[in-house]
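Shown next, in structure tokens, is the structure this report addresses.
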Amino acid sequence: MSKLRITLGCWNYDRTRALAEGRIQPDGIDLNYISMPVEETFFRMLRHREFEAAEMSLSSYTVSLFSEDKPFIAIPVFPSRFFRHSCIYVNAASGIRAPGDLVGKRVGNPEYQMTAPAWIRGILSDEHGVPVNSVTYFTGGEEEPGRPEKIKLDLPRDIHIERIGERQTLSAMLAAGEIDALYTARTPSSYVTGGGRVKRLFENYVEVEKDYFRRTRMFPIMHTVVIRRDVYEKNPWVAQSLYKAFCAAQQETYRDLEETGALKTMLPWAMAHLEEARGELGEDFWPYGFEKNRDTLATFLRYSFEQGLSKKQLQPEDLFAPETLESFKI
């Protein structure tokens with residue numbers, strides 16, 4: 001019997017490698033795994049819907065649910081999670097020493113709707129008294145000029161966004177003091193090459209992020225996995241098949257991290273890091289599934305609404321194929 005051919009756009013994560021290499025096969029699916037950097041995957045899926053399934057920015061997916069055709073539906077798999085306190089960069093001469101100093105400043109975001117800046121803006125508002133409408137945002141390419149928003153936005157009037165020039169980049173503008181800060185996913189080159197002109201707001205970010213988790217119990221979700229809606233509607237069983245396969249691939253990675261006969265990662269103290277992660281975040285420190293992530297998802301959906309990205313505040317149940325919200329028991 002022939003299997004359904006599904007092309008998946010996703011990066012080459014350790015937690016998805018068993019799918020990419022074919023050791024784990026989704027039930028009933030002939031999976032064609034195309035590995036690409038996340039920016040390429042998102043652009044091609046959002047603009048052209050090239051793949052039957054893809055890794056997707058959580059923010060972009062949430063915004064897509066307000067389009068007329070709702071082109072995608074997600075499964076509760078989260079290939080990317082990241083504490084983003086480390087991703088707030090400031091110009092050393094801007095006078096920004098504490099989070100509250102960001103109020104009234106010029107802040108770069110490669111795209112306003114990106115998940116990483118959305119989490120950063122929400123955390124700064126909740127924890128540090130920096131309302132989303134208290135700064136002016138500048139959008140455009142971080143390292144290459146001309147980056148557009150992947151999704152057309154219709155934001156409230158009190159949120160002020162300006163496009164940078166056609167030849168400008170946010171990284172260079174930050175070093176030059178043309179913007180005061182940058183919320184981003186990737187380390188800007190000017191942090192490395194800027195001779196001290198660019199610094200992190202939280203240089204002790206590990207301690208800050210551990211404290212954040214201890215208080216909130218949230219490990220921010222960056223990406224989910226979506227299925228093109230036309231594919232799902234014709235084959236609703238695909239959601240469960242892909243979900244089960246992603247979970248099985250992740251379990252293989254958990255086992256690999258525990259291997260002490262020969263290290264499978266190029267981290268000399270991998271076991272110490274694993275023990276630390278489990279001590280701080282628990283045994284299942286990178287949880288998939290709906291119930292374990294409900295509170296984190298609800299917080300992000302509140303941020304999306306408060307920041308003008310969502311037209312109403314969605315509930316976590318609104319994001320996923322209903323078949324993936326529960327499982328059978330024996």
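The values are calculated or read from the model by the stated rules, or taken from the named source; none is laboratory data. As the structure is a prediction and not an experimental result, all values here were calculated from the model. So basically every Cβ, Gly included, is an ideal-geometry build from the backbone, and we count neighbours across all protein chains shown. Calculation scope for accessible area: heavy atoms of the full protein, side chains included, ligands and nucleic acids excluded. Shrake-Rupley method; radii C 1.70, N 1.55, O 1.52, S 1.80 Å.
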Item checked: Label-to-label distance, nm, for residues given as ARG197 and GLU317 (7 Å Cα→Cβ offset) -> 5.3
Next item on the list: Output the antiparallel fraction of DSSP beta bridges having both residues in the chain, as a percent to the nearest 5.
Entry: 45
Notebook entry, point to check: What residue among LEU182, LEU281, LEU170 has the largest mean-square fluctuation in a Gaussian network model of the chain, using Cα springs under 10 Å?
Noted result: LEU281
Check: Under a 5 Å amide H to amide H cut-off, with H placed in plane at 1.01 Å, what residues pair with SER80 once short-range neighbours are removed?
Finding: MET222, HIS223
Next item on the list: Give a residue-ordered list of calculated ³J(HN,Hα) values for segment 188-199 (Karplus: 6.51 cos²θ - 1.76 cosθ + 1.60, θ = phi - 60°; whole Hz; x for Gly, Pro).
Entry: x, 4, 5, 5, 7, 9, x, x, x, 6, 10, 10
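At a 1.4 Å probe, what is the % contribution of carbon and sulfur to the accessible area of the chain?
Carbon and sulfur atoms account for 51 percent of the accessible area of the chain.
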Check: Which whole-angstrom value gives the distance between the alpha carbon centres of segment 225-292 and segment 97-120?
Finding: 30
Check: Given ASN133, ALA116, PRO145, which one lies farthest toward the positive end of the charge dipole of segment 102-145, if we put +1 on the Cβ of every Lys and Arg and -1 on the Cβ of every Asp and Glu?
Finding: ASN133
Margin query: Run through segment 154-260 and list the GluC sites (Glu not before Pro) located in a DSSP loop whose Cβ has at most 13 other Cβ atoms within 10 Å.
Written below: GLU166, GLU203, GLU259
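Quick one, what does Rg over Rh come out to for segment 10-111 if you take C-alpha atoms and the Kirkwood Rh?
Dividing the radius of gyration by the Kirkwood radius yields 1.09.
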Check: For the chain, what is the Kirkwood estimate of the hydrodynamic radius, computed as the reciprocal of the mean inverse distance between distinct Cα atoms, to one decimal in Å?
Finding: 20.9
Next item on the list: Note down the nm distance, to one decimal, between modelled labels 7 Å out along Cα→Cβ at GLU275 and at MET1.
Entry: 4.9
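Go ahead and run the numbers for FRET between ILE34 and VAL103, Cβ-Cβ distance against an R0 of 56 Å, rounding to 0.05.
For ILE34 and VAL103, the calculated efficiency is 0.85.
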Next item on the list: Convert each backbone phi in segment 61-73 into a coupling constant with the Karplus relation 6.51 cos²θ - 1.76 cosθ + 1.60 (shift: θ = phi - 60°), then list the ³J(HN,Hα) values in order as whole Hz, x for Gly and Pro.
Entry: 4, 4, 4, 5, 5, 9, 7, 4, 9, 6, x, 10, 9
Next item on the list: Could you list which residues have their amide H under 5 Å from that of ILE88, counting only those 5 or more apart in sequence or on another chain, with H placed in the peptide plane?
Entry: LEU201, PHE202
Notebook entry, point to check: Using θ = phi - 60° and the Karplus form 6.51 cos²θ - 1.76 cosθ + 1.60, what ³J(HN,Hα) does each residue of segment 16-30 get, whole Hz, x for Gly and Pro?
Noted result: 10, 5, 5, 6, 5, 8, x, 5, 10, 10, x, 4, x, 10, 9
Checklist line | Residues SER327 and PHE305, FRET efficiency given R0 of 35 Å [Cβ-Cβ distance, rounded to 0.05] | finding: 0.75
Item checked: Inter-label distance for ALA93 and GLN251, nm, one decimal - labels placed 7 Å from Cα along Cα-to-Cβ -> 5.7
Next item on the list: Would you mind working out the accessible area per residue for segment 47-97, using a 1.4 Å probe, and quoting it in Å²?
Entry: 31
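Hey, got a sec? Which GluC sites (Glu not before Pro) in segment 37-92 land in a DSSP loop and have at most 15 other Cβ atoms within 10 Å? Each step should come with its number before you reach the end.
Values: sites: GLU39, GLU40, GLU50, GLU52, GLU55, GLU68; in loops: GLU50, GLU52, GLU68.
In loop regions of segment 37-92 (DSSP not H, G, I, E or B), the sparsely surrounded GluC sites (Glu not before Pro) are GLU50, GLU68.
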Margin query: Pairwise over distinct Cα atoms, reciprocal of the mean inverse distance: report the Kirkwood radius of segment 63-176 in Å, one decimal place.
Written below: 15.6
Next item on the list: Kindly provide the GluC sites (Glu not before Pro) of segment 286-330 that DSSP labels as loop, not H, G, I, E or B, and whose Cβ sees at most 10 other Cβ atoms within 10 Å.
Entry: GLU326
Notebook entry, point to check: Any idea how far the Cα center of segment 4-79 sits from the one of segment 187-223, in Å?
Noted result: 27
Next item on the list: Determine by what factor the alpha-carbon radius of gyration of segment 136-291 differs from 2.2 N^0.38 Å, reporting the quotient.
Entry: 1.39
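Specify whether the C-alpha gyration tensor of segment 214-329 places it in the rounded, prolate or oblate class, a ≥ b ≥ c being the square roots of the eigenvalues: rounded for a/c under 1.5, otherwise prolate if a/b is larger than b/c and oblate if not. Working shown, then result.
Details: a/c = 2.49, a/b = 1.42, b/c = 1.76.
In terms of gyration-tensor shape, oblate.
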Next item on the list: Taking only the C-alpha atoms, wrap a convex hull around segment 169-256 and report its volume per residue in Å³ as a whole number.
Entry: 190
